[in-house]
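The next block holds one structure in the form of structure tokens; read it before the comments.
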Amino acid sequence: MSTTIPYKPGKEPHAREHRLIFRNVDRADYDPSIDCYIRNGGYVQLKKALGMERQAIIDEVKKSGLRGRGGAGFPTGVKWGFIPPTNTKPVYLICNADESEPGTFKDRYIMHQDPHQLVEGMIISCFAVKAQLAYIYIREEFPEAAIILEKALAEARAKGYLGKNVGGTAYDLEIYVHRGAGAYICGEETGLIESLEGKRPYPRIKPPYFPAALGLYMSPTIVNNVESLCHVKHILEMGSEAYAKLGTPNNTGTRILCVSGDVQKPGYFEVQVGHVTMGEVINDLCGGLKPGRKLKAIIPGGSSAKVLRADEKFKLKDGRELGIMDIPMDFDTMAACGTMAGSGGVIIMDDSRSMSWVINNLNQFYAHESCGQCTPCREGSLWMKKISDRIVAGTASPSDVDELLRVANNIEGKTICAFGEACSWPTQSFVKKFRDEMIGDTKPELESKIVNPETVLAAANLV
Amino acid sequence: MSTAPTPVPASPPPVDLVNVQINGQWLKFPKGTRMIEACRQAEAMVPHYCYHPKLSSPGNCRMCLVEMGMPPRPTPGQELEKDEDGFAKIGWMPRPVIACANTIGEGMGIRTEGKLSEECRKGVMELLLINHPLDCPICDQAGECKLQEFSVEHGNGESHFREEKVKKPKNVDIGPRVRLDDERCIMCSRCIRFTAEIADDPVLGFTERGSFTTLSVHPGKRLENNYSLNTVDICPVGALTSNDFRFQQRVWFLKETKSLCTKCGRGCNMEISSREKEVFRQTPRENNDVNSTWMCDQGRLDFHFVNSEYRLTQPLIKVDGKHQAATWKQAIAKIAEALKSVKPSEIAIIGSGRMTNEELYLSKCLIRVLGVENFAVIPRTGGADNYLRADDLNPNSNGVRTIWGVEPGANLDTVFENITRARARVVLVLGENLMKAGLEARQLQKIEFLASTHVLANATAEQSHVVLPAATYAEKRGSMINVTGRLQKLNKAIESPGEARDDWEFLRDLILAVSGTNGLYSVDDVFKQMAGEIELFKGLTLSRIGELGLPIMETSEKVPVLEREKERKAKGVIVG
């Protein structure tokens, strides 16, 4: 299908791609204006949706099997169905555009190059869940995208797709762009809601604060990822049945893989979920590893996903045995291999990388981004960073590697939000899979010598 | 014991009960009970830091993580497996849950003991301690610190932490009465929630993030509301300490006495912490019909006069215009002689709304015995603050109404006029400073014989012919009726200095001296006699009042803090 669309030279989609969301990304003849969007069939699905029963839209999304593209992979239609049927409060929809998972860079292209796709997807979704006020919560680091979205919303308003009487119907809707202030935790939906309410983005405890029941201003709130909301438009366009035929069962549709790291041609690739294996991503889509290098490790779904080792073999419950290159890029197989498809951020690492350095880099990120609300993550994330700092600096002893793992185990499953897992899974998997290498970076002779630096300081002061 | 069937008391409205298994034992609890409260009732203590029943539950400390399970949801037609008690077998969840914010459900299982719960506590405890300064030897909280207590129970005993600790501000001046040490703070947010939810003065908050999170006061603001010291009480560690109590005494040397605050008509229940003859601090004591768990700074800090060097410690008799030390016997004889030397209409007695019921009763007896008509009580009002402080600043105005049968302030003008016009020749003043109540020295000088009881040396004492050293609230037992009509009890925390005595003892001796009848040997006897005479106290004894008091009068007075607490409890925001 992409053959008829002229793309910018050097930006043509790979033959294995299936462009749905990214159809207009890098097009030579495309701009973010509403006129361009309408010329290319934009807002047709909105008109169709406004003539449909709301429940019918929700059913279509449910039947499509669309799973959230933000990281957790939760079925979008099911999420919409969690709004209490007896609800009398206003319903809010929030587009989570706080794309901050390291290794992920898909939403920014949608917002930069095809903002109206998101706006149309949002209006349809808002109509379906009866939301009359919606927000796009965009991270501070996307100032350009915020301006583009503001402009797109103004254009849509001028055309009557937003504001009073959307598309000439009795339905009113307003969408606002809200800019974050630079915190990863605002991507966590309840943290995002707190931030939107003007508070520190401390994630809420669940129960009772499930957003679909007690979300923004204690009202039912649907929080969806940018890409997920765009898919809604395509589900209506194609029909849920045809959409569900894309991908594999329970892993339907397309998704955008963001490949970074040690490959010849890193970038974004929209593929049918599960139709491409890890090996094909590296060798076909990305042109293979850099010359003379060997694959060492892959983080397959954003920095929080557990790392995979190049020589690992995965025995699945259905009897399949997969090597790392055979893993299809879908939600369920990734989970079966002990990691996750997450946000689609694939980080490839070759043999030039020090795993101690990598985990230290990740620990640095999580220690910096922990919101500090609950004890295990607040204290543990910095502790892990400090230990891995020493491993990298060569001032750690072998037992520090196990200590690192012990701290990670004390965080996982004990925190208010999923950040606990996000920061402990990398450490757990790196220590498990690259233990020998990390121990190799330590010095056994320091085992008995290392004392608490404060004790040293205290002793120095006494002399 | 009688075998006759006792009448069934009117039963409270039925409450939905749910079955919960706690550490293997099935128990029933009212629906909606928080897991942590159910465990507490089952005597399975769940350690916690951030949870406070009077505040919202953010679930941030993670100390109360416990193992939880629910019966599996049966598929249609499926018969659930039952345990030996007949309850569906519990499907235990692999992950722990916080006990503070979750409510119980039918068939739920909770394990506060066992591997998972214990591992969680150990882990959280370790993490709380890694950046904590462990400066217990110089920390005021030591001895009543939850971090100390729980690390003894759940800690490692040894630190695995080999890194440098996070450095944060110390000795931060955040308000006139409260001091902050950020390194000790465990970020439980209790103080933040108190200032926002109870005191309506949200000046505290966190800045920075992650391990660098720092409690701080809002730029340009101070924690200076009249309830600020409650944050010190609820701080589980030594992060917030009281400027007043700081470094004054190790808490394990202190003796706690359950008593009342007498600084206004609310009668907030409190504990007086003392060592030997000295009071060191006063802290609120929970009473959900009076003060919840809070108290105002003004009330709790107003105790330094108890240990003041201006305390009167022996009776004084004025000889040739100069006070000379005397014995109680001499002083009382002198007063009795003066009272008997004039006509009842020439005597005036001025009482205080700060006197206990027992003192009021005995002074009323004296008034009756002497046939005095010139008596009044000095009123104090204007304290209401829409939180705890009552408009009436006398702690026992309802006692005055009940026992003296007068309104505080009634007849006061007449009594004062009689003094100014020298019609009152003998005046007895009980615990009040007349010069603060509006009289001047030259007016007092017109009195032929002025006797007064005082705690501290003051201008009225200066003018008195006989001065008696009185006991403070911290030195006596007795009862008072607060503004809501609740009869409550004061308890003696310390001994009075020198020869200072309880007013009731002096009044008894004075009655004996003027009328020759008596038979009262203890303050309990006074109450007993009073209960025989006054309908409101019928059937009561001083000890029967109990630590939380008894409602004995109907008043329309509401406690703003309690009203708001009830509302929040009804909404399920707090446990209450």
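The residues on offer are B:LEU147, B:LEU129, and the sole one that is under 17 Å from B:CYS235 (Cβ atoms), assigned to a helix (DSSP H, G or I) and in contact (Cβ under 8 Å) with a residue 60 or more places away in the chain is B:LEU147. Pairing residues of the range B:263-279 that are within 19 Å of B:VAL251 (Cβ to Cβ) and of a type in the set (Lys, Arg) with residues that are open to solvent by 10 Å² or more (accessible area, probe 1.4 Å) and part of a strand (DSSP E or B), at Cβ distances under 7 Å and at least 6 apart in sequence or on separate chains, gives B:ARG275/B:LYS255.
Applying the criterion of at least 1 residues that are open to solvent by 30 Å² or more (accessible area, probe 1.4 Å) to the helices (runs of 4 or more DSSP H) found wholly in the range A:102-212 leaves A:107-113, A:143-158, A:189-196. In this structure, is A:GLU188 of a type in the set (D, E, K, R), under 17 Å from the mean Cα position of the chain (by Cα) and assigned by TED's automatic domain parsing to the domain that holds A:ALA128? Yes, satisfied. Take the conditions in contact with a Leu (Cβ under 8 Å, 6 or more places away or on another chain) and free of Cβ contacts under 8 Å to residues at least 40 places away in the same chain and apply them to B:THR420. Does it pass? Judged against the criteria, B:THR420 is a match. What do you reckon, is A:CYS337 open to solvent by less than 20 Å² (accessible area, probe 1.4 Å) and within 14 Å of another protein chain (Cβ to nearest Cβ)? No; evaluated as a whole, the condition is false for this residue. I'd like to know if the range B:433-450 contains one or more residues that are closer than 30 Å to B:GLY532 by Cβ and more than 31 Å from the chain's Cα centre (by Cα). No: zero hits. For the range A:278-300, a tally of residues being over 10 Å from A:VAL263 (Cα atoms) and either assigned to a loop (DSSP other than H, G, I, E, B) or among the polar types (S, T, N, Q) (or both) returns 3.
Conditions tested, residue by residue: (1) open to solvent by 30 Å² or more (accessible area, probe 1.4 Å); (2) in contact with a Pro (Cβ under 6 Å, 6 or more places away or on another chain); (3) assigned by TED's automatic domain parsing to the domain that holds B:PHE527; (4) closer than 14 Å to B:VAL483 by Cα.
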| residue | (1), (2), (3), (4) |
| --- | --- |
| B:ARG368 | yes, no, yes, no |
| B:THR402 | yes, no, yes, yes |
| B:GLY405 | yes, no, yes, no |
| B:VAL426 | no, no, yes, no |
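Does A:LYS89 satisfy being open to solvent by 40 Å² or more (accessible area, probe 1.4 Å) and either at negative phi or touching a helix residue (DSSP H, G or I) at 6+ places or on another chain (Cβ under 8 Å) (or both)? Against the criterion (open to solvent by 40 Å² or more (accessible area, probe 1.4 Å) and either at negative phi or touching a helix residue (DSSP H, G or I) at 6+ places or on another chain (Cβ under 8 Å) (or both)), A:LYS89 qualifies. Could you grab me the full set of residues in the range A:354-373 that are open to solvent by less than 10 Å² (accessible area, probe 1.4 Å) and either part of a loop (DSSP other than H, G, I, E, B) or facing another protein chain (nearest Cβ under 8 Å) (or both)? Correct list: A:ALA367, A:SER370, A:GLY372. Of the candidates B:SER189, B:SER159, the single residue that is of a type in the set (Ser, Thr, Tyr), surrounded by 19 or more Cβ atoms within 10 Å (Cβ to Cβ) and at the interface with chain A (Cβ under 10 Å from one of its Cβ atoms) is B:SER189.
All conditions but one from (1) open to solvent by less than 20 Å² (accessible area, probe 1.4 Å); (2) at pLDDT below 95 apply to B:ALA474; the one that does not is (2). Scan the range B:280-307 for residues that are of a type in the set (S, T, N, Q) and free of Cβ contacts under 8 Å to residues at least 24 places away in the same chain and the total you get is 1. With respect to (1) in a strand (DSSP E or B); (2) within 14 Å of chain A (Cβ to nearest Cβ), the lone exception for B:ASN60 is condition (1). Of the residues making up the range B:87-126, those that are of a type in the set (A, V, I, L, M), within 14 Å of chain A (Cβ to nearest Cβ) and outside any helix (DSSP H, G or I) are B:MET93, B:VAL97, B:ILE98, B:ALA99, B:ALA101, B:ILE104, B:MET108. Among the residues of the range B:304-328, those that are open to solvent by 70 Å² or more (accessible area, probe 1.4 Å) and farther than 16 Å from B:GLY498 by Cβ comprise B:HIS304, B:ASP320, B:LYS322. None of B:GLU224, B:GLU256 is open to solvent by 50 Å² or more (accessible area, probe 1.4 Å), touching a residue at least 12 places away in the same chain (Cβ under 8 Å) and assigned to a loop (DSSP other than H, G, I, E, B) except B:GLU224. Could you please let me know if B:GLU197 is assigned to a loop (DSSP other than H, G, I, E, B), under 22 Å from B:THR293 (Cβ atoms) and open to solvent by 40 Å² or more (accessible area, probe 1.4 Å)? The answer is no for B:GLU197. Considering A:ASP98, A:ASP31, the condition of being under 26 Å from the mean Cα position of the chain (by Cα), without any contact (Cβ under 8 Å) to a residue 12 or more places away in the chain and over 24 Å from A:VAL281 (Cα atoms) is satisfied by A:ASP31 alone.
Which of the residues that make up the range B:433-473 are in contact with a Lys or Arg (Cβ under 8 Å, 6 or more places away or on another chain) and among the acidic types (Asp, Glu)? Hit for the range B:433-473 is B:GLU448, nothing else. At least 2 residues being touching a strand residue (DSSP E or B) at 6+ places or on another chain (Cβ under 9 Å) is the threshold, and among the helices (runs of 4 or more DSSP H) wholly inside the range A:24-99 those reaching it are A:54-64, A:76-80. Checking each residue in the range A:378-406 for being more than 8 Å from chain B (Cβ to nearest Cβ), in a helix (DSSP H, G or I) and open to solvent by less than 10 Å² (accessible area, probe 1.4 Å) picks out A:MET384, A:SER388, A:ILE391, A:VAL401, A:LEU404.
Scanning the range A:159-178 for any residue that is within 14 Å of chain B (Cβ to nearest Cβ) and over 18 Å from the mean Cα position of the chain (by Cα) turns up nothing. Could we say that B:GLU208 is open to solvent by 50 Å² or more (accessible area, probe 1.4 Å), of a type in the set (D, E, K, R) and more than 14 Å from chain A (Cβ to nearest Cβ) here? Here the answer is no, as B:GLU208 does not meet what is asked. In this structure, is B:GLY576 modelled with pLDDT under 95, within 29 Å of B:ASN102 (Cα to Cα) and open to solvent by 40 Å² or more (accessible area, probe 1.4 Å)? Taking the combined requirement at face value, the residue does not satisfy it.
Might you check whether a residue that is under 30 Å from B:SER228 (Cα atoms) and either at pLDDT below 95 or not aliphatic (A, V, I, L, M) (or both) occurs anywhere in the range B:310-319? Yes - at least one qualifying residue is present in the range B:310-319. Taken over the range B:54-88, the criterion of being touching a residue at least 12 places away in the same chain (Cβ under 8 Å) and on the phi > 0 side of the Ramachandran plot is satisfied by B:GLY59, B:ARG62.
The values are calculated or read from the model by the stated rules, or taken from the named source; none is laboratory data. Being a predicted model, the structure only gives us computed values, none of them experimental. Don't worry about glycine lacking a Cβ; one is built from the backbone with ideal geometry, like all the others, and counts go over all protein chains shown. Surface accessibility is based on the protein's heavy atoms, side chains included, excluding ligands, DNA and RNA. Shrake-Rupley method; radii C 1.70, N 1.55, O 1.52, S 1.80 Å.
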